[in-house]
Amino acid sequence: MALHKGPEKPDERPLSVNPFYGEADPVGGMTEAPPKHRLPTAPLPPSTAYQVVHDELMLDGNSRLNLATFVTTWMEPQAGVLMNECRDKNMIDKDEYPRTAELERRCVAMLADLWNAPDPSAAVGCSTTGSSEACMLAGLALKRRWARRNADRYPGARPNLVMGVNVQVCWEKFCNFWEVEARQVPMEGDRFHLDPQAAAELCDENTIGVVGILGSTFDGSYEPIAELCAALDALQERTGLDIPVHVDGASGAMVAPFLDEDLVWDFRLPRVASINTSGHKYGLVYPGVGWALWRDTEALPEELVFRVNYLGGDMPTFALNFSRPGAQVVAQYYTFLRLGREGYRAVQQATRDVARGVAERVEALGDFRLLTRGDELPVFAFTTAPGVQAYDVFDVSRRLRERGWLVPAYTFPPHREDLSVLRVVCRNGFSTDLADLFVADLEQLLPELRRQSHPFTRDKDAATGFHH
């Protein structure tokens, strides 16, 4: 969550409220509008409070035109009704809401089957507030398993976690919060994610695990999970080190099972100990819900699991958060029931088709070079073509924002800081018609961009609020 400070200079200017929002008298109660940085002295009529908040939120961007976010921005009305019916149910109160708890259990079982757990009934898992919490839990399990195996050396030895430099920021947070050394494989040339052999070379007796990303946020590409496991198999043969793999499938774990069935990345690989995904990304549910699954009880140390009373029985829980709404879990179960495998396949294929079509049309404009084409995640990244000197990707992002499109521009991490790109995330609800409008707007901007004398970006770090 973002950290916020109070205003350095309190703005106590009264808000301007339309007099017609008064309950009965058009000017009643309008002599003093509410302050913005302290609690009002007296209550407001509900219609007035609603309108004050509603009017300010109109200045937010349109979520459907946000091509930066992976998060679901459209669901069916029936899903919204179910979520409204469950928004007051606290997921932690499993004895009060046993059917909501049962739907969570069913979702875990469905994912265990989808991800080819050797014995889906033996796999363990839980819902989370999103992939960030799921990754924290998976990392904790890796660290605790390593500490248990190295009880004679820990806490003296410092554990480490190996990952590509392209990981989502939650993994850097995990290493910082839980005092684990982050060992990152840098990008090289046109390889924008982890190299399996380079990752294996960073492992030693203090490595708690290796993170593989099924769908990099930088460019939408899958990391080679099977090759990573093979490199670690070879490492074990040489050194005896048995290093587990966690697959961060925040996006790809809800795409690959339906569109890339021959791709082996999941529990079919014995070295994969755990997998996470975001239900609120390509799981097609509004934020926030994520899922974390472990191959079996051996992969999740028992001492991390808390027990709560559940209808006079025993309900194990594993979470960083305590209270949270059950609405998103219910919406996930609804979506699983509503779509099934064939429905998910149809939705994800349509989204990938849109991504590939838009990527081809962007390339055909002649001003841009594609890094990826939307043929793994429905995501593609592109940069300006060689010879384009009048503008840069940050100029393009800024001009598209004027037309309502939120397209992030950002610089790649070491060792490719020289490369700045734009990234387009296609989601369910970003239709072919919207894609046509996007390409048309981009094409209309190009003549003016080409006439610039130079790029107008002075500070690339300040040019975008986008962060991975």
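The values are calculated or read from the model by the stated rules, or taken from the named source; none is laboratory data. These numbers were taken from a predicted model, which means no experiment stands behind them. Positions of Cβ are generated from backbone atoms using ideal geometry, with glycine treated the same way; all protein chains shown enter the neighbour counts. Heads up: the accessible areas ignore ligands, DNA and RNA and are worked out on the full protein's heavy atoms, side chains in. Shrake-Rupley method; radii C 1.70, N 1.55, O 1.52, S 1.80 Å.
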What whole number of Å gives the distance from the Cα centroid of the range 85-104 to the Cα centroid of the range 410-431? 38 Å
So, by mean Cβ neighbours within 10 angstrom, what's the order for 286-297, 86-97 with the highest one leading? 286-297, 86-97
Helix by helix through the chain, keep the DSSP H runs that span 20 Å or more along the axis on Cα and average at least 0.0 on Kyte-Doolittle, and give those back in order. 225-239, 432-450
Distance from the Cα centre of the range 110-152 to that of the range 44-84, in angstrom? 33 Å
Mean separation of Cα pairs under 8 Å and 6+ residues apart, divided by the residue count of the range 310-421: what relative contact order is that in percent? 14 percent
Express the carbon and sulfur contribution to the solvent-accessible surface of the chain as a percent, rounded to the nearest whole number, probe 1.4 angstrom. 52 percent
Rounded if a/c is under 1.5, else prolate if a/b beats b/c, else oblate: with a ≥ b ≥ c from the C-alpha gyration tensor eigenvalues square-rooted, which is the chain? oblate
Sorted by average packing, counted as other Cβ atoms within 10 angstrom per residue and highest first, what order do 323-330, 51-58 take? 323-330, 51-58
What is the packing order of peptides 125-135, 262-272, 351-361, 207-217, taking the mean over residues of other C-beta atoms within 10 Å and listing the highest first? 207-217, 125-135, 351-361, 262-272
How large is the charge dipole for the chain, taken about the Cα centre, if only the Cβ atoms of Lys, Arg (+1) and Asp, Glu (-1) carry charge, to the nearest 20 debye? 400 debye
Give the percent of DSSP beta bridges with both residues in the range 239-380 that are antiparallel, rounded to the nearest 5. 70 percent
Leaving out ligands and nucleic acids, and using a 1.4 Å probe, what accessible area per residue does the chain come to in Å²? 48 Å²
Can you compute the helix-only [θ] at 222 nm over the chain? Use -39500 (n - 2.57) per DSSP H run of at least 4 residues, normalise by all residues, nearest 500 deg cm²/dmol. -11000 deg cm²/dmol
